[in-house]
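One structure is given below, encoded as structure tokens.
The values are calculated or read from the model by the stated rules, or taken from the named source; none is laboratory data. Predicted, not measured: the structure shown is a model, and the values here were computed from it. Cβ placement follows ideal geometry from the backbone for every residue including glycine, while neighbour counts extend to all protein chains displayed. Note: accessible area is taken over every heavy atom of the protein model, side chains too, but ligands, DNA and RNA are not part of it. Shrake-Rupley method; radii C 1.70, N 1.55, O 1.52, S 1.80 Å.
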Amino acid sequence: MSPTRTLTVSVPERWMQESIGDVPGADVVVWDVTGPAPQDLADRLEAVVLPYARGYDGEVVRALPHLATVLTTTTGYDGVAEKVGDGPAIVTAAGVHAAATAELAVALVLASLRGIDVAARDQAQERWRPQRRRSLADRRVLLVGVGGIGEQIARRLDPFEVTLTRVASHARTDERGPVHGTDELIDLAADHDVLIAITPLSEQTHHLVDARVLAALPDDALVVNVGRGAVVDTEALTAEVTAGRLHAALDVVDPEPLPAGHPLWSAPNALITPHVGGNASAFEPRIVEHLRRTFGELARGEEPATLVRRASH
């Protein structure tokens, strides 16, 4: 279907507009979503792209009279509906951050298992302390989440000679083989050395990795979270880590950031990165391609491939 009218859509940064270029049927403008849009723009905006890795003003988004679609630049969209209101459709950037987040997940596993974080601290103090560390090879890895990023993590783990078990909301079989349901998580945890959480945050996944799951993990097991902080029970994880029983490698935490003085900051068996899973050089070309494609879908009146909530009006 060819566009019959022009859709006005805003992006939060100039480089996005310049990189996206011309999209048939779409007028791509720049608005940073931190203050009210100019009146002539507000009166015609139908779609708004939210900024990445910084805040935005939900009130000015809700004030747009013709807003039909909100597009995130993130894979997750927890909290977006509460800020932008019940009316507009929500479209995510699912797939854009998959490669970069999967890279970081594997990097966190390797760094923690091989003691690279310890070596970095030792280097700062000019200390030379060789130790035998665990390889990723032969580890039993429990991957909680089999969406786009979960699949990319699984692919990157393939060459490392691990035993991989995958968990999703319900049991099934796919092209990779069996997928276990979350109702099996506690039993599965007992037989795995590494647990990687990469699930979106929802009522069902809040504290999915709770005290019971953590307690079931073997001594010295590693918990990696590259999904959302609240998927893991921070209090329960902190107790296990500070007791020295478990290790943690976290790109996301709850609350985020952790408050000053939180025990995880100084725990020798915790490695923390500041929620940078998707914040890598892969972001720019992939978000541009994603937005160009999605703007075209919207202009043609098609349902975007990454739509997660339809408009209520």
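Descriptive notes on the structure:
- Failed condition for ALA171, given (1) within 30 Å of LEU298 (Cβ to Cβ); (2) open to solvent by 40 Å² or more (accessible area, probe 1.4 Å); (3) among the aliphatic types (A, V, I, L, M): (1)
- Complete set of residues in segment 182-210 that are out of contact with any strand residue (DSSP E or B) (no Cβ under 7 Å at 6 or more places or on another chain) and either at positive phi or among the small types (Gly, Ala, Ser) (or both): ALA190, SER202, HIS207
- Only one of the listed residues (VAL179, VAL106, VAL118) is at pLDDT 95 or above and within 20 Å of GLY229 (Cα to Cα). That residue is VAL106.
- Options ASP43, ASP22; residue that is open to solvent by less than 80 Å² (accessible area, probe 1.4 Å), on the phi < 0 side of the Ramachandran plot and not basic (Lys, Arg): ASP43
- Inter-residue pairs, beta-carbon under 7 Å, first under 19 Å from LEU157 (Cα atoms) and in segment 108-125, second open to solvent by 100 Å² or more (accessible area, probe 1.4 Å), 6+ apart: GLY115/GLN131
- Taken together, the residues in segment 186-219 that are part of a loop (DSSP other than H, G, I, E, B) and within 28 Å of ALA99 (Cα to Cα) amount to 16.
- Residue in segment 77-98 that is open to solvent by 20 Å² or more (accessible area, probe 1.4 Å), closer than 30 Å to ASN269 by Cα and touching a Leu at 6+ places or on another chain (Cβ under 8 Å) present: yes
- Restricted to segment 177-204, and to residues there that are touching a helix residue (DSSP H, G or I) at 6+ places or on another chain (Cβ under 7 Å) and without any contact (Cβ under 8 Å) to a residue 60 or more places away in the chain, the residue that is surrounded by the fewest Cβ atoms within 10 Å (Cβ to Cβ) is ALA190.
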